[in-house]
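So the structure is just underneath, and the comments pick up after that.
The values are calculated or read from the model by the stated rules, or taken from the named source; none is laboratory data. This is a predicted model, so every value here is computed, not measured. Don't worry about glycine lacking a Cβ; one is built from the backbone with ideal geometry, like all the others, and counts go over all protein chains shown.
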Number of protein chains: 2
Amino acid sequence: MSLASPAAATAPRFRLPQECPPPVFEAVADARRGEVVLDLVLRHAGPRRLPVRYELAGAHGAPVVLVAGGISADRHVAASDTFAEAGWWDAQVGRGRAIDPRNCRILSIDWLGADGTLDAPIDPADQADAIAGVLDALGIDRLDAYVGCSYGAMVGLQFAALHGARLRRLVAISGTHRAHPFSSAWRALQRQVVALGALQCDERHGLALARQLAILSYRTPAEFDERFAEAAVVENRVRAGAEDYLDHCGAKYADRTAPTAFLRLSESIDLQALDPEAIDVPVTVVAIAEDRLVPVDDAFALAERLRGETRLRVLRSKYGHDAFLKETADIAGVLRESLAAATGGAA
Amino acid sequence: MSLASPAAATAPRFRLPQECPPPVFEAVADARRGEVVLDLVLRHAGPRRLPVRYELAGAHGAPVVLVAGGISADRHVAASDTFAEAGWWDAQVGRGRAIDPRNCRILSIDWLGADGTLDAPIDPADQADAIAGVLDALGIDRLDAYVGCSYGAMVGLQFAALHGARLRRLVAISGTHRAHPFSSAWRALQRQVVALGALQCDERHGLALARQLAILSYRTPAEFDERFAEAAVVENRVRAGAEDYLDHCGAKYADRTAPTAFLRLSESIDLQALDPEAIDVPVTVVAIAEDRLVPVDDAFALAERLRGETRLRVLRSKYGHDAFLKETADIAGVLRESLAAATGGAA
């Protein structure tokens, strides 16, 4: 296989195809979207020519901050004048927020595989290469900061290891250098639920149910205890107090997600495996004590093994893994502190 | 509905039908099995005539200890000369073990619903009534001890509340007065997986997968981290390190369990809801700090609210909820201490 040959090993894993036109921006505005076509050498699936969609918002010439979320997040991080619909992280990104588009440029991508057309194992390192390819296309030498949450933090660690010269500081929130074996088992069963649905040609049903299972890993018993009533008999069946809520979340997710995208990005989390010792850029490691998906002990291990300047911030939250979406004030505090260090206070 | 009428409210919820023959024992041996037919008034399904299968082992005339396990446990608690196959709790029950058939009589039942023929909501209190009916049939006035694990502990608490005059001491291991809303959600999703399988007429597949999900709630990340390797790409798919093990467990469970039995007994756990203040018999509450299914805080609340003499024992175990099956020495210590109090050292 060509990947194993010395020539392939030294060749870059990403590049802009010569015959492709340069990226096209929309009319000047406070945010723009584009698509870069890259030739990537995927670690588990070989060479592929793939589009990578990005969004770039904020002040021209300002420090560049890449923002990346979980596997269900996309390039639309926050609402802007140009793209007014809600983003997935409006709580932290926007005017007056911790990441302020008046003071920095905010770059983000849709994950490789997010549109469901790439049906192959995707390594988190492949995503890091895709980001490097987008930087090339946009003429951005270096990120002033990379802020990643969950899967985005895993990819950020890969970017720091593979492309460290292009990064001033990484903020890795609720994602570490490895997938925990218990969490991998949990995700594997979610994928099996999708497969069970597919057997009856109803992947959507399976996907909605898999999402509900995933939500249990994102939240905590403490939150559910506050929020949901005890089970009750309804029409001869027992129904848990949280079932209506979970049903709703599952259906909403299945409406907007291709089953293949879920399967391949879920798998991708499980392929996370890097040596923190390979990273020497400054990293802020942010962990949640109650996180049931990314155990806080893994964040401790990560912080201990990084080679560069390392900061560790441990937050408490009844929202567990989802704290990065819910604990607005605490996360903003960590971001302001970290970005002040990376961008000279500009963000 | 007759259950709501005053007459129904004061009528006993269980009795031996007059026209039924007395229970038949097998030839004299160190253990015997039988079946009692009871008229029960199920709390969510009304009057039913149901068989209750039991096993009784050990010394004639000795103190009687009822032993009850989780929803997948049955009346065959331990191997005996008469029934030599392995039981589900040979680690604790047997000659020289914490519960020794040379010193006590060991009574156990198959749960109502365990054979899959009772397709109705089953309250844990219904199980307690069934046990009282079996005691009547066997001419046993009072249990010297009831040792229950998981669902068996929940039923034990119901028995203590409803039939406290017939019990000297309860040992409730890893089961409390309520189902935690988060754990109920987890079980509800397992039941939905069985339903998804049923849609394609493959309940067995769904059941096997539901069991795998249940196992994640019985164990802990710490155990999986010690035991399983990281995920790997196998034939173009990512496979978690624990997947072979979980597959095996799921298939084995599906081979021996009727889907309806799983569904109705899983539901039954979620119907657990009693006031500990209704219990004034002595109780030993045993909890596992790492239990992810029955949070240790619920055991603390139970111990604080019981009205009788209460002992609390908190163990540590990487096996979480399954510690009662795995932590042989620690559980034996608790049992010996508790049974000495209940049976005057006879057990």
Inset, instruction - Identify all residues within the stretch A:286-317 that are touching a residue at least 60 places away in the same chain (Cβ under 8 Å), touching a Lys or Arg at 6+ places or on another chain (Cβ under 9 Å) and more than 28 Å from A:R191 (Cβ to Cβ); write none if there are none. - result: none
Inset, instruction - Scan (1) touching a strand residue (DSSP E or B) at 6+ places or on another chain (Cβ under 7 Å); (2) closer than 26 Å to B:L143 by Cα; (3) more than 11 Å from every other protein chain (Cβ to nearest Cβ) for the single condition B:E277 breaks and write down its number. - result: (1)
Legend entry - Hits in the stretch B:142-171 - residues which are surrounded by fewer than 23 Cβ atoms within 10 Å (Cβ to Cβ), touching a helix residue (DSSP H, G or I) at 6+ places or on another chain (Cβ under 7 Å) and over 19 Å from B:I99 (Cα atoms): B:A161, B:L162, B:H163, B:R166
Inset, instruction - Kindly indicate whether any position in the stretch A:177-187 is more than 14 Å from every other protein chain (Cβ to nearest Cβ) and touching a strand residue (DSSP E or B) at 6+ places or on another chain (Cβ under 8 Å). - result: no
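Yes or no, residue by residue, for (1) within 18 Å of the chain's Cα centre (by Cα); (2) aromatic (F, W, Y):
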| site | (1), (2) |
| --- | --- |
| A:F262 | yes, yes |
| A:S268 | yes, no |
| A:D275 | no, no |
| A:V283 | yes, no |
| A:I288 | yes, no |
| A:A299 | yes, no |
| A:L315 | no, no |
| A:F324 | yes, yes |
Legend entry - Flag for A:L170 being touching a Leu at 6+ places or on another chain (Cβ under 9 Å) and not basic (K, R): yes
Inset, instruction - Determine whether B:I106 is at negative phi, touching a Leu at 6+ places or on another chain (Cβ under 8 Å) and not in a loop (DSSP other than H, G, I, E, B). - result: yes
Legend entry - Hits in the stretch A:166-194 - residues which are farther than 27 Å from A:S317 by Cα and either in contact with an Asp or Glu (Cβ under 9 Å, 6 or more places away or on another chain) or part of a strand (DSSP E or B) (or both): A:R166, A:L167, A:R168, A:R191, A:Q192, A:V194
Legend entry - Conditions (1) within 25 Å of B:H163 (Cβ to Cβ); (2) assigned to a helix (DSSP H, G or I); (3) of a type in the set (A, V, I, L, M); number of the one not met by B:V286: (2)
Inset, instruction - Taking B:D280 as meeting all but one of (1) within 28 Å of B:L335 (Cα to Cα); (2) not in a loop (DSSP other than H, G, I, E, B), write down the number of the exception. - result: (2)
Inset, instruction - Considering each of B:L315, B:L335, B:L302, B:L325 in turn, give the residue that is touching a His at 6+ places or on another chain (Cβ under 8 Å) and at pLDDT 95 or above. - result: B:L302
Inset, instruction - List the number of the failed condition for A:A232; all other conditions in (1) hydrophobic (A, V, I, L, M, F, W, C); (2) more than 8 Å from chain B (Cβ to nearest Cβ); (3) in contact (Cβ under 8 Å) with a residue 24 or more places away in the chain hold. - result: (3)
Inset, instruction - Go through (1) in contact with a strand residue (DSSP E or B) (Cβ under 7 Å, 6 or more places away or on another chain); (2) assigned to a helix (DSSP H, G or I); (3) closer than 17 Å to A:L42 by Cα and name the single condition A:A153 misses. - result: (3)
Inset, instruction - Consider B:R292 carefully, then state whether it is closer than 25 Å to B:Q158 by Cβ, in a loop (DSSP other than H, G, I, E, B) and at pLDDT 95 or above. - result: yes
Legend entry - Residue list for the stretch A:256-291, restricted to those being buried (at least 17 other Cβ atoms within 10 Å of the Cβ) and farther than 25 Å from A:G113 by Cα: A:P276, A:I279, A:V281, A:P282, A:V283, A:T284, A:V285, A:V286, A:A287, A:I288, A:E290, A:D291
Inset, instruction - Could you tell me whether the stretch B:241-255 includes any residue that is under 25 Å from B:A128 (Cα atoms) and in a loop (DSSP other than H, G, I, E, B)? - result: no
Inset, instruction - Could you tell me whether any residue of the stretch B:235-255 is aliphatic (A, V, I, L, M), loosely packed, with under 15 Cβ neighbours inside 10 Å and at the interface with chain A (Cβ under 8 Å from one of its Cβ atoms)? - result: no
Inset, instruction - Could you run through the stretch B:295-329 and say how many residues are of a type in the set (A, V, I, L, M, F, W, C), touching an Asp or Glu at 6+ places or on another chain (Cβ under 6 Å) and in a loop (DSSP other than H, G, I, E, B)? - result: 0
Inset, instruction - Would you mind stating whether A:G116 is in contact (Cβ under 8 Å) with a residue 60 or more places away in the chain, more than 14 Å from chain B (Cβ to nearest Cβ), part of a loop (DSSP other than H, G, I, E, B) and out of contact with any Cys (no Cβ under 7 Å at 6 or more places or on another chain)? - result: yes
Inset, instruction - Name every residue in the stretch A:284-340 that is of a type in the set (K, R), under 20 Å from A:P221 (Cα atoms) and touching a strand residue (DSSP E or B) at 6+ places or on another chain (Cβ under 8 Å), in order of residue number. - result: A:R316
Inset, instruction - Quick one: in the stretch B:213-229, of everything that is without any contact (Cβ under 8 Å) to a residue 40 or more places away in the chain and within 8 Å of chain A (Cβ to nearest Cβ), which residue is surrounded by the fewest Cβ atoms within 10 Å (Cβ to Cβ)? - result: B:A229
Legend entry - Hits in the stretch B:18-45 - residues which are closer than 17 Å to B:A57 by Cβ, of a type in the set (D, E, K, R), at pLDDT 55 or above and not in a strand (DSSP E or B): B:D30
Legend entry - Every pair of residues 6+ apart whose Cβ atoms lie under 7 Å, when the first sits in the stretch B:188-208 and is more than 7 Å from chain A (Cβ to nearest Cβ) and over 16 Å from A:R239 (Cβ atoms) while the second is among the small types (G, A, S) and assigned to a helix (DSSP H, G or I): B:A198/B:G206; B:E203/B:G197; B:R204/B:A254; B:L207/B:G197; B:L207/B:A254; B:A208/B:G250; B:A208/B:A251; B:A208/B:A254
Legend entry - Subset of the stretch A:197-232 [farther than 28 Å from B:V296 by Cβ and either hydroxyl-bearing (S, T, Y) or modelled with pLDDT of 95 or more (or both)]: A:G206, A:L207, A:A208, A:L209, A:A210, A:R211
